[in-house]
2 protein chains.
Amino acid sequence: MKRDSRLSGVLHILLHMAQQPGPFTSETLARAMDTNPVVIRRIMAGLREIGYVRSEKGHGGGWTIACDLSKVTLRDVYAALGNPPLLAMGNRTESPGCLVEQAVNAALDQAFDDAEALLLARLGEVTLAMLGEDLRKRLGSRKIHDISAHRA
Amino acid sequence: MKRDSRLSGVLHILLHMAQQPGPFTSETLARAMDTNPVVIRRIMAGLREIGYVRSEKGHGGGWTIACDLSKVTLRDVYAALGNPPLLAMGNRTESPGCLVEQAVNAALDQAFDDAEALLLARLGEVTLAMLGEDLRKRLGSRKIHDISAHRA
DNA sequence: TTTCATGTAACTTTACATGTTACGTGATGG
DNA sequence: CCATCACGTAACATGTAAAGTTACATGAAA
């Protein structure tokens, strides 16, 4: 299975956007992320519906952050993506008639559920603002990289 | 990505085998698991190498449990499968030059690593013998299902 | 020496994230 | 008003990995 990197991707985008005034076109963001504009629009669609970002068409259009970064957690962003599966493993059959399989599922589900809960809790502890803070530390004296400067 | 169900599958097999004396052919196990004999051999291969099960060719051959069920944990079985990925999500780039992506990775890795560690710990707490105990409770008065009875 | 059962390679199928192409919608600016 | 820009979205292509299938070799038992 290919690993789902949408959460990683969308956070990358948001953090870039938070570093300088927008709006940003899908085209610009795609160049910075080394991917396709349509992919950007796809993973941003959920955030737009919830209102974390806004998008404008036409000249001077593009994407803009429309939320309080200190109020939105990584878990919120994950939810905006539609809560995709977190674990790469699962049960063979979800509601088996076989008692043996029921026993196996019960044991695995306990471990799986615990791990999922912890992961979601951890994501819920980190806000986008905290991510931005951490980035600022990493930047140190270095100048911020203007993603709009990328030209084909 | 399709969900990996090998751990679920191999546990199902082991638990079935623990309920009655062997050996069991891949054919028989495949029928009970509603899958293909080759799939059985594949997921059992790792367990054989470590010595949790043995396999014999020819007449009267098949698979036999060759370990102390109270000594082998679900984590051990998982390891025997080759430690496949646990999480369905990951970072876009593992060693990014972009500082923004580094900040994102750092935040996500912390959550990911914690969740993986917890999952492995939970799997390490459960032995195959404990699974068998749980199964016996679920069986209650019911008679055990003889998987060898399946006939095409 | 025939039959049975595993061992394994090679191929097909399925599922899903990602990438790409094409075209529609609406906003801006001349 | 119409050409351009940028998003919205459907449709299709690609890459990857698990699961399923076929084929055949190896070795043990009757």
Among A:Arg48, A:Arg122, A:Arg75, residue whose mean-square fluctuation peaks in a GNM of chain A (springs only between Cα atoms under 10 Å): A:Arg122
Accessible surface of B:Leu139 - all protein chains present, 1.4 Å probe, nearest 10 Å²: 20 Å²
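When you look at the Cβ of every residue in A:90-99, what mean number of other chain Cβ atoms sits within 10 Å? Don't jump to the answer; show the numbers that get you there.
Working: counts 7, 7, 12, 6, 0, 0, 2, 0, 8, 9.
Mean number of neighbouring Cβ atoms from other chains: 5.
Peptide A:109-119: average number of partner chain Cβ atoms within 10 Å per residue? Walk me through the intermediate numbers first.
Details: counts 0, 4, 12, 4, 2, 5, 12, 4, 2, 7, 11.
Mean shielding by partner chains, rounded to a whole number: 6.
Using the Cα centre of the range B:91-132 as the reference point, and only Cβ charges (+1 on K/R, -1 on D/E), how large is the resulting charge dipole? Debye, rounded to the nearest 20.
On the way: 2 positive and 7 negative charges, 22 e Å.
So the dipole magnitude of the range B:91-132 works out to roughly 100 debye.
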Residues whose placed amide H lies under 5 Å from that of B:Val53, excluding near-sequence neighbours: B:Arg48, B:Ala66
Nearby lysines by direct alpha-carbon distance to B:Lys137 (threshold 25 angstrom, same-chain neighbours under 8 apart not counted): B:Lys71
Gyration tensor (alpha-carbon) shape descriptor, the protein assembly as shown, a/c threshold 1.5: prolate
In Hz, Karplus ³J(HN,Hα) per residue of the range A:39-50 (6.51, -1.76, 1.60; θ = phi - 60°; x = Gly, Pro): 5, 4, 4, 5, 6, 8, 4, x, 5, 5, 4, 7
Chain A: relative contact order as a whole-number percent, Cα under 8 Å and 6+ apart: 28 percent
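Considering all alpha-carbon pairs of chain B, what whole percent are spaced by more than 21 angstrom?
Values: 6174 of 11476 pairs.
Roughly 54 percent, once rounded to a whole number.
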Angle in degrees between helix A:6-18 and the longest Cα principal axis of chain A, rounded to the nearest 10: 30 degrees
Label 7 Å beyond Cα on the Cβ vector: B:Arg41 copy-to-copy distances, nm: 5.0
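Would you compute, from DSSP H runs of 4+ residues alone, the mean residue ellipticity of chain A at 222 nm, taking -39500 (n - 2.57) per run and dividing by the full residue count, rounded to the nearest 500? Walk me through the numbers on the way to the answer.
Details: 6 runs with 81 residues, N = 152.
My calculation for chain A gives -17000 deg cm²/dmol from helical runs alone.
Averaged over its residues, how many other protein chain Cβ atoms are within 10 Å of peptide A:131-139's Cβ atoms? Can you show the working numbers first?
Details: counts 6, 2, 1, 5, 8, 2, 1, 5, 3.
What the average comes to for A:131-139 is 4.
Taking the Cα centre as origin and putting +1 on Lys and Arg beta-carbons and -1 on Asp and Glu beta-carbons, what dipole magnitude results for the range A:1-141, to the nearest 20 debye?
Values: 16 positive and 16 negative charges, 136 e Å.
My answer is approximately 660 debye.
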Within a Gaussian network of chain B (alpha carbon springs, distance under 10 Å), most fluctuating of B:Leu135, B:Leu108, B:Leu120: B:Leu108
Accessible surface of B:Glu116 - all protein chains present, 1.4 Å probe, nearest 10 Å²: 60 Å²
Label point distance in nm, B:Gln19-A:Asp114, each placed 7 Å from Cα along Cα→Cβ: 2.6 nm
Solvent-accessible ranking of A:Ile43, A:Ile50, B:Ile65, largest area first, probe 1.4 Å: A:Ile50, B:Ile65, A:Ile43
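Would you work out the relative contact order for the range A:1-84, in percent, from Cα pairs under 8 angstrom that are 6 or more residues apart? Please report the intermediate quantities before stating the final value.
Values: 79 pairs, mean separation 26.1, N = 84.
Dividing the mean separation by the residue count of the range A:1-84 yields 31 percent.
The values are calculated or read from the model by the stated rules, or taken from the named source; none is laboratory data. The shown structure was predicted, so the numbers you read here are calculated from the model rather than taken from an experiment. Don't worry about glycine lacking a Cβ; one is built from the backbone with ideal geometry, like all the others, and counts go over all protein chains shown. Side chains are part of the model used for accessible areas, which takes the heavy atoms of the whole protein and leaves out ligands, DNA and RNA. Shrake-Rupley method; radii C 1.70, N 1.55, O 1.52, S 1.80 Å.
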